[in-house]
Amino acid sequence: MIRRIDLRGTTLASPDDYRAVVPRADFDVEAAVPAVHAICEAVRVRGIDAILDYNAQFDGGTADDDIRVAPATITAALETLDPAIRAGLEESIRRLRLTSSRELEADAVTELGPGAVVTHRKVPVDRVGLYVPGGLAPLVSSVLMNVVPAQTAGVGSIALASPPQKDHGGLPHPTILAACALLGVDEVYAVGGAQAIAMFAYGVGPCRRVDLVTGPGNIYVATAKRLLKGVVGIDSEAGPTEIAILADDTADATHVAADLVSQAEHDPLAAAVLVTPSTRLADEVDVELDKQVFATKHTERIRTALAGRQSGVVLVDDLEQGLDVVNAYAAEHLEIQTADASAWAARVRNAGAIFVGAHSPVSLGDYCAGSNHVLPTAGCACHSSGLSVRAFVRSVHVIDYSREALAEVADHVVTLAEAEDLPGHGQAVRVRFPD
């Protein structure tokens, strides 16, 4: 069901070279560009009519041809929410608010001399558009992961979009609406895919344009983000979900297999990778996968993901080589199930989030760990971070110099301006000190 890649005895010029041999999903954003460009242009030119057409084409239509969900409908969804689901959402929100609040940064004030002050000020984005997928699964948890850090950062205007659902009268999934009500978000749009990103970027119909778009999505969402970056700010181009597990022979094969399955059920393109020096563990995981996959609800989806080229069991000589492999892979989610797991986790450089030990499965992070599950995929964890309060905050330098403080560096400014052949720059300082 899941292939093996044997790297034992492999010698590479650099640990980074493992990037070429580890499993990776086919996620060709460039191939989707023509279709997504046409969608974005149609939304820009034709506005809400284009959105309604795409809603009908891709998602079965919108309730009453009104893309904005009535606040009363949002409130009603919370009133009918299963109390157990509400309790789970409230606990997840509580934990995420606690960790998000610790990410807030105070202004940094630097006095460079008498009368020379530079303040590094943190300013929240004015308005954001949050995207919540609703295709194969209604990702209600993504509502929390987007909204809570935005609210904590102090964003004043929040709009949220999620695809209309045929089974729910052309509205977003009612659990998604209930989560919005729980968080006090009443600007919600029944729009999905690339057209939702274009709506946010250009401002269409009742939706004013936003400054920043965040949230995961399919290849059309990721491609729209790439095309519209610059028109609007984005968090990342998140692709299919992925899990990597670094494990030795102390790991429980039942746990490892369950964690691989848990991510594979997201999407047929989801990646599930086990990196281990233990052939015994690899064999036991194979046996467990055969049992667990056929006992779960989404068997075909999971089998497709596990059998795909993006998934595999990677055999390594030892954990040192395994660490090189997972650092090169830069997984969205990385579990460490080894002896002395904390020590190995401390040496990981590249991962969206790291789950340490047998009792920190990725599914905990999806819901109630207090961490954020909107994370970089496709190896982007080597340069990008997961969604956090910082994504919704801009840094602004405030420069406040007195006349005396400017005089102290005036000659340096003039000299450097002349070195760059920009005499007007120097003159802007000289004019303040007439002879």
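The values are calculated or read from the model by the stated rules, or taken from the named source; none is laboratory data. Being a predicted model, the structure only gives us computed values, none of them experimental. As a convention, Cβ positions derive from the backbone with ideal geometry for all residues, glycine included, and neighbour counts pool all protein chains shown.
Of the residues examined, Asp82 is one that is over 30 Å from Ile234 (Cα atoms) and either charged (D, E, K, R) or not assigned by TED's automatic domain parsing to the domain that holds Gly154 (or both).
When Asp26, Asp59 are checked against the criterion of being within 22 Å of the chain's Cα centre (by Cα) and at pLDDT below 90, a single residue qualifies: Asp26. Take the conditions (1) surrounded by fewer than 19 Cβ atoms within 10 Å (Cβ to Cβ); (2) within 19 Å of the chain's Cα centre (by Cα); Ala159 misses just one of them, which is (1). Within the stretch 360-404, the set of residues being within 20 Å of Ala271 (Cβ to Cβ) and either among the β-branched types (Val, Ile, Thr) or not in a loop (DSSP other than H, G, I, E, B) (or both) comprises Val362, Ser363, Leu364, Gly365, Asp366, Val374, Thr377, Cys380, Ala381, Cys382.
Taking the stretch 229-242 as the range and being closer than 25 Å to Asp267 by Cα and either of a type outside the set (Asp, Glu) or free of Cβ contacts under 8 Å to residues at least 40 places away in the same chain (or both) as the test, the residues that pass are Ile234, Ser236, Ala238, Gly239, Pro240, Thr241. When the stretch 143-173 is filtered for residues that are in a helix (DSSP H, G or I) and at pLDDT 95 or above, the ones remaining, listed by number, are Val143, Leu144, Met145, Asn146, Val147, Val148, Pro149, Ala150, Gln151, Thr152, Ala153. Every condition in (1) in contact (Cβ under 8 Å) with a residue 12 or more places away in the chain; (2) more than 20 Å from Ser385 (Cα to Cα) holds for Asp167 except the one numbered (1). The residues of the stretch 237-257 that are at pLDDT below 95 and surrounded by fewer than 24 Cβ atoms within 10 Å (Cβ to Cβ) amount to a single one, Glu237.
Inside the stretch 222-261, residues that are within 19 Å of Gly386 (Cα to Cα) and charged (D, E, K, R) make up a count of 6.
Output yes when any residue across the stretch 413-429 is surrounded by fewer than 18 Cβ atoms within 10 Å (Cβ to Cβ), outside the structural domain of Val125 (by TED's automatic domain parsing) and in contact (Cβ under 8 Å) with a residue 60 or more places away in the chain, and no when none is. Looking for residues that are surrounded by fewer than 18 Cβ atoms within 10 Å (Cβ to Cβ), outside the structural domain of Val125 (by TED's automatic domain parsing) and in contact (Cβ under 8 Å) with a residue 60 or more places away in the chain, one finds none in the stretch 413-429, hence no. Pairs meeting the criteria (first residue in the stretch 326-354 and free of Cβ contacts under 8 Å to residues at least 12 places away in the same chain and not assigned by TED's automatic domain parsing to the domain that holds Leu246, second residue of a type outside the set (A, V, I, L, M) and in a helix (DSSP H, G or I), beta carbons under 7 Å, at least 6 apart or on different chains) are lacking. For the stretch 106-143, the set of residues classified as exposed (fewer than 12 other Cβ atoms within 10 Å of the Cβ) and touching a helix residue (DSSP H, G or I) at 6+ places or on another chain (Cβ under 9 Å) consists of Pro114 only.
Figure legend. Inter-residue proximity from the stretch 17-39: first residues outside the structural domain of Val314 (by TED's automatic domain parsing), second residues modelled with pLDDT under 85 and part of a helix (DSSP H, G or I), beta-carbon distance below 9 Å, spacing 6+ or different chains. Indicated pairs: Val36/Val29.
Test Leu12 against the stated conditions and say whether it is touching a helix residue (DSSP H, G or I) at 6+ places or on another chain (Cβ under 9 Å), closer than 30 Å to Ser395 by Cα and not in a helix (DSSP H, G or I). No: the conditions fail for Leu12. Condition check for Ile85 on (1) assigned to a helix (DSSP H, G or I); (2) surrounded by 18 or more Cβ atoms within 10 Å (Cβ to Cβ); (3) within 27 Å of the chain's Cα centre (by Cα): one failure, at (2). Taking the criterion of being touching a Leu at 6+ places or on another chain (Cβ under 9 Å) and either in a loop (DSSP other than H, G, I, E, B) or free of Cβ contacts under 8 Å to residues at least 40 places away in the same chain (or both), the residues of the stretch 40-75 that qualify are Gly61, Thr62, Asp65, Ile67, Val69.
You will find that of Leu289, Leu269, Leu260, Leu228, the residue that is of a type in the set (A, V, I, L, M), closer than 25 Å to Leu375 by Cα and crowded, with 24+ Cβ neighbours inside 10 Å is Leu260 and no other. The condition (being farther than 21 Å from Val273 by Cα, crowded, with 18+ Cβ neighbours inside 10 Å, at pLDDT 95 or above and in contact with a strand residue (DSSP E or B) (Cβ under 6 Å, 6 or more places away or on another chain)) is satisfied by just one residue among Val362, Val393, Val398: Val393.
What's the number of the condition Tyr189 fails, among (1) surrounded by 24 or more Cβ atoms within 10 Å (Cβ to Cβ); (2) among the hydroxyl-bearing types (Ser, Thr, Tyr); (3) not assigned by TED's automatic domain parsing to the domain that holds Ile67? With respect to (1) surrounded by 24 or more Cβ atoms within 10 Å (Cβ to Cβ); (2) among the hydroxyl-bearing types (Ser, Thr, Tyr); (3) not assigned by TED's automatic domain parsing to the domain that holds Ile67, Tyr189 is out only on (3).
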